[in-house]
1. Principal axes first, then extents: for the Cα atoms of the chain, list largest minus smallest coordinate on each axis, whole Å, largest first.
2. Long-range amide H contacts for residue 165: which residues qualify at under 5 Å (H placed 1.01 Å from N, peptide plane, sequence gap of 5 or more or a different chain)?
3. Mind giving me the nanometre distance, one decimal, between the label points for residue 69 and residue 1, set 7 Å out from Cα along Cα→Cβ?
4. Can you tell me the convex hull volume per residue for region 112-226, based on C-alpha atoms, in Å³ to the nearest whole number?
5. About the Cα centre of region 121-233, what is the dipole size in debye to 20, counting +1 per Lys and Arg Cβ and -1 per Asp and Glu Cβ, all else neutral?
6. Once phi is turned into ³J(HN,Hα) by the Karplus curve 6.51 cos²θ - 1.76 cosθ + 1.60 with θ = phi - 60°, what whole-Hz value does each residue of region 39-53 show in order, with x for glycine and proline?
7. With only Lys, Arg, Asp and Glu charged, each at its Cβ (+1 for the first two, -1 for the last two), find how big the charge dipole of the chain is about the Cα centre; round to the nearest 20 debye.
8. Step through the residues of region 184-194 one at a time and calculate ³J(HN,Hα) from phi using the Karplus curve (6.51 cos²θ - 1.76 cosθ + 1.60, θ = phi - 60°), rounding each to whole Hz and writing x for Gly and Pro.
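Read the figures in this text as sums done on the coordinates, not as results from a lab. For clarity, every value in this text was computed on a predicted model and none was experimentally measured. We place every Cβ from the backbone using ideal geometry, glycine too, and count neighbours over all the protein chains shown.
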Amino acid sequence: MNINQLKKKLDKAIYAREKGQLTESRILFECLVKLIKEKINGKPSKAVNFIYITIMAENIIQLRLEGQQKLRQALKLGQELLNYDKKYKINNPLSIRSVSNILADLGKYEMAKPFFKQMIQMYQNNSLRMGEAQAHLAYSFLRTGRAKEANNLITLALKNIKANTAEEKYQEVRESYALIVQSLIYKTMGKIKDGKKIAKQALVIAQAGHATHRIRQAKENLSSFELKKTKLF
């Protein structure tokens, strides 16, 4: 199976995953992982190594979406993938993402920050991916008490995501996430009305892109603005 055929299979797996069809996408990813591991035996070309990193990184996203119980497994695989990338000097940013995002999932924001910064530098020619990494870094800033820096960065992240210079798919997935982060920043800064408005916008964009996982996150985020304060006495 050649690289173009692998890419088509990968596109199908990602599509199923982003639609929330995790059982179907799990089967597709298991098949892909088996196929690509067979291709890297011996001395694979740089192109094969690059698609290997991409497939394995997307499979790690699959694991993250399957639940909290899979995060440790995903982190182990992410660390192995990053080591592989460094060993063969592949320079695929997705190997870094396979570590950074899981560290953030586990609440290890200080450890995740340098990885996000590295990705931002690597995506100078892809504004969508750069903006996504900036949004994750902004959230890490927010969770470590640096709301002002987070606020400045999320504005830039949204601008880059909307520009989408490389014309990638799933822009709504990235934009809705960045808006969720922005709404949380506003909430932290006491701008509740603005935060709620942005939270609604995030949900609309996620729904427009049929981004199942982002729709769930956006709904949960919006609900946090609608909860009334409980009187204890």
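1. On the principal axes, the chain reaches 68, 36, 33 Å in Cα extent.
2. Answer set, sorted by chain and number: 127, 128.
3. 2.8 nm
4. So the per-residue hull volume is 89 Å³.
5. In total the dipole reaches around 620 debye.
6. In residue order, the calculated couplings are 7, 8, 5, x, 10, x, 6, 4, 5, 5, 4, 5, 5, 4, 4 Hz.
7. 380 debye
8. 5, 5, 4, 4, 5, 7, x, 8, 5, 4, 5
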